[in-house]
1. Pick out which of B:Gly160, B:Gly152, B:Gly291 has the largest mean-square fluctuation in a Gaussian network model of chain B, springs linking Cα atoms closer than 10 Å.
2. Compactness ratio of the stretch B:95-239: Cα Rg over 2.2 N^0.38 Å, N = residue count?
3. Mind giving me the nanometre distance, one decimal, between the label points for B:Asp216 and B:Thr132, set 7 Å out from Cα along Cα→Cβ?
4. Quick check: residue separation of A:His57 and A:Arg74 times 0.36 nm, minus the Cα distance between them. What number comes out in nm?
5. Report the FRET efficiency, 1/(1 + (r/R0)^6), for B:Glu311 and B:Arg66, where r is their Cβ-Cβ distance and R0 is 25 Å, rounded to 0.05.
6. Shielding by partners for B:255-265, please: the mean number of other protein chain Cβ atoms within 10 Å of each residue's Cβ.
7. For peptide A:60-73, how many partner chain Cβ atoms fall within 10 Å of a residue's Cβ, on average?
8. May I ask you to order A:55-65, B:213-223 by the average number of other C-beta atoms within 10 Å around their residues, highest value first?
Amino acid sequence: MYGTILTVGDADAQHDPAGRAASPASPEEPTPVEVADGQWALWEVFTQEAQGAPHEHAGSVRATDAEHALQNARDVYGRRGRVLSMWVVPTGAIRATTPDESAPFFEPGDDKPYRHPHFYKVPRGVRGL
Amino acid sequence: MTQTLAPTPSAPSVPPPAPAAALRSAASDDGDEARRLAEFEARIARGESIEPRDWMPERYRRQLVRMMSQHAHSEIVGMLPEGNWITRAPSLRRKIALLAKVQDEAGHGLYIYCGTETLGVDRHELIQELLTGRAKYSSIFNYPTLTWADVGVIGWFVDGAAIVNQTALAKHCSYGPYQRAMIRVCKEENFHKKQGYESIATLAAGTPAQKAMAQDAVNRWWWPSLMMFGPPDDASPNTAELMRWGIKKYSNDELRQRFVNLTVPQAQAVGLTLPDPDLRLDESTGNWQIGPIDWAEFWAVVKGDGPCNRERLAARNAAHDEGAWVRAAASAHAAKQAARAQGAPRAA
């Protein structure tokens, strides 16, 4: 019954002598994904729940590498058989706008009503436009 | 202009945990801080969702971390009382339902840990707090599951109470990641309640011994389930602040009353009695009035003197320790896979 909890991304690898494998064994051997603060790296999970639907953010998991992240994401966000497809992305790889600067950043799109159809007038009675 | 989504400890604009009043007076020294607080409270008033990167008062962040981490811990510890009965479920049908339910509780804990991490909290630290007994979790899970009927009553009462709480959060909570996690939880929780009620209805319609077992479980779980909603409004130190900031929409007593009103007819429908001689329908309000709750018992359990506090903590620690080799193996496997992908010589 504890099988699920084992995948909690709380590996105290850096504190646990048995967990030394989390650190590179030699300078040539790369660390799969950065391990910080004694736990596995954070991954963002995106799921597609219907054919043709976009992938939507579901949440996050902690995992050692991409394959592991997908397995954990399936167990956490796909237990009900609704998921058709799943993406995992290292959290640090996502660039995002900041709330403070989002207004000026998106402002160029705010004052162009001529990009919307209701900006244009059509003679009365004309249909199909 | 842009930044990565990697969790960053939130900038401690107000370093110590300040009560709201102190926070406001400190902010008044700083026009920018005061302006931000006013903007924040206006957003709450408009019913907007607060997202991880938005400015928020430090006190709001701390209240969320406290509430969400206790909630996550409750999901994790909540696996233990029922997990106790998986190997002894009376049929395969009941066993697969219980296995799936207990696995869901693990998932719910992970949804909420994930949400808590958006507030710049280290998940590892939260889990250490649970394992070392510094963290709180719902007091209901410190009661023992003595018979099979307890499993059904937990689904019916405990998950039923949780649904009442969580539905309010899913509809109204001002913090986006918590609110979205609650939507996910509520979708799954309804099965928990229904399988529990089905199990109890079956026992209640069974032999006299089965019905007596169901009634005994109801008698033992009713009052602790009502305590799940927390202390009464006049003794709940956090409620006013949580409601002011839109984290909670309803008070503890309002949610408790909603649960009682839902549950009384369900008990009547299967011929079971709730152990409260004062229980009566108030015709004027439509509410079922309950007798006094033994808050001394509640506080004793919260403070660590419930029937199973030590046992639960020991079981959680044992599970964590016994899983250490799995975590180490996963790390070793990932390191080896990465080395192979880089074309490095294979380690012997």
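Each reported figure results from applying straightforward, stated rules to the coordinates on display, with no laboratory input. Not measured: the values here are computed from a predicted model. So basically every Cβ, Gly included, is an ideal-geometry build from the backbone, and we count neighbours across all protein chains shown.
1. Comparing B:Gly160, B:Gly152, B:Gly291 in the GNM, the peak value goes to B:Gly291.
2. 1.15
3. With each label point 7 Å from Cα toward Cβ, the separation is 4.1 nm.
4. 4.8 nm
5. Result of the calculation: an efficiency of 0.50.
6. 0
7. Other-chain Cβ atoms within 10 Å of each residue's Cβ, averaged: 4.
8. In decreasing order of mean packing, A:55-65, B:213-223 become A:55-65, B:213-223.
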